[in-house]
Amino acid sequence: MKRIISVLFLVLLACSAAVAAEPSDLYRGRTIVTGIKDETRIPAAPVCLLDVLAKVSGDARLLDDPRAREIAAAATFHATEYSYRDRYALRQIHDEQGTRDRPYYLTVTFDPQRVDAALESLGRKPWTANRPNLALFLVVNNNANTYVLSGDGTFGRDQRESLAAASWLVGMPVTLPSEADLAKEGLTADVLSTIQPAKLDMVTKGMGADLVLLGSLVWNKGTLGWAAEWKLFDGKEISVWKVKDVNFDEAFRNALRGSALILSGNGKPD
């Protein structure tokens, strides 16, 4: 029996610590809907299942696979629970915005056996082993400032929240260094712009993380988008990939989906 739960509270993201989905969250997808009603819930379920197929397998290429999209179209048959969280909880309702029109985070829980069977039909396997915690060292250049994104720094609050959302979506744990970590090791933006990822291995272990993800994020005024480069060191080799002309939400998704693709053994990002 499917359950529908309405949750009306705010969740605070503590981005100075590791952030990611719990193991059970691998079979949960999330999207934004308007109101608590079937008209928006039912069309949103396929979006959530497609994300779950990519998250559980570690292979985001399924997001563009027509076969996966066909499976996702029947998402309501695989769902076991729907829960809502009010995006504007504790905010006053304005005259022009009735309760019915408020936006909610809809989280859909899917049956693990059905998801695993769907992945098998797609030639994929569930990646349910303990996923390594990535230490992200990121240099951000927004044209006005260049800084290292930390878990407790003055700059990058929106980016920390975006990273936490991407971590949950992809199912990859991520830890940001603190300002104290960066100062202790002398890891300035200039240093991180030229350092080899392997040199950060000991710092990563000291942060309680497992693997190094080194990145750069640069704002392009001409295209009104970010260009990102990512370097993942898995302890043996470095994998490098890039993305450009995206918002930083998509940049973080690209970073973690690329990492998941590599670490799950499904391949390497383009």
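In this structure, does Ala117 turn out to be surrounded by fewer than 15 Cβ atoms within 10 Å (Cβ to Cβ), assigned to a helix (DSSP H, G or I) and either at pLDDT below 95 or hydrophobic (A, V, I, L, M, F, W, C) (or both)?
Against the criterion (surrounded by fewer than 15 Cβ atoms within 10 Å (Cβ to Cβ), assigned to a helix (DSSP H, G or I) and either at pLDDT below 95 or hydrophobic (A, V, I, L, M, F, W, C) (or both)), Ala117 qualifies.
Here's the yes/no breakdown for (1) out of contact with any strand residue (DSSP E or B) (no Cβ under 8 Å at 6 or more places or on another chain); (2) touching a residue at least 24 places away in the same chain (Cβ under 8 Å):
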position	(1), (2)
Gln159	no, yes
Ser162	yes, yes
Leu169	no, yes
Thr175	no, yes
Ala180	yes, no
Val191	yes, no
Met202	yes, no
Ala209	no, yes
Ile238	no, yes
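So if I check each of Gly225, Gly267, Gly208, which one is out of contact with any Leu (no Cβ under 6 Å at 6 or more places or on another chain) and over 21 Å from Ser193 (Cα atoms)?
On the way: Gly225 fails: over 21 Å from Ser193 (Cα atoms); Gly267 fails: out of contact with any Leu (no Cβ under 6 Å at 6 or more places or on another chain).
Only one candidate qualifies: Gly208.
Quick check on Tyr147: is it of a type in the set (Ser, Thr, Tyr), more than 16 Å from the chain's Cα centre (by Cα) and under 24 Å from Arg28 (Cα atoms)? Steps first, please.
Details: of a type in the set (Ser, Thr, Tyr): yes; more than 16 Å from the chain's Cα centre (by Cα): yes; under 24 Å from Arg28 (Cα atoms): no.
No, not satisfied.
Among the residues in the stretch 142-160, are any aliphatic (A, V, I, L, M), touching a helix residue (DSSP H, G or I) at 6+ places or on another chain (Cβ under 7 Å) and farther than 24 Å from Gly267 by Cα? Talk me through it step by step, then tell me what you get.
Here is the first cut: in the stretch 142-160, the ones aliphatic (A, V, I, L, M) are 144, 148-149.
Next cut, touching a helix residue (DSSP H, G or I) at 6+ places or on another chain (Cβ under 7 Å) only: 148-149.
If we keep only those that are farther than 24 Å from Gly267 by Cα too, we end up with 148-149.
Yes, because at least one residue in the stretch 142-160 is aliphatic (A, V, I, L, M), touching a helix residue (DSSP H, G or I) at 6+ places or on another chain (Cβ under 7 Å) and farther than 24 Å from Gly267 by Cα.
crowded, with 18+ Cβ neighbours inside 10 Å and touching a Pro at 6+ places or on another chain (Cβ under 7 Å): which single residue out of Ala75, Ala79, Ala60 fits that description?
The conditions single out Ala75.
The values are calculated or read from the model by the stated rules, or taken from the named source; none is laboratory data. Just so it is clear, the structure is predicted and the values come from calculations on it, not from any experiment. Reconstructed Cβ throughout: ideal geometry from the backbone, glycine too, with neighbour counts over all protein chains shown.
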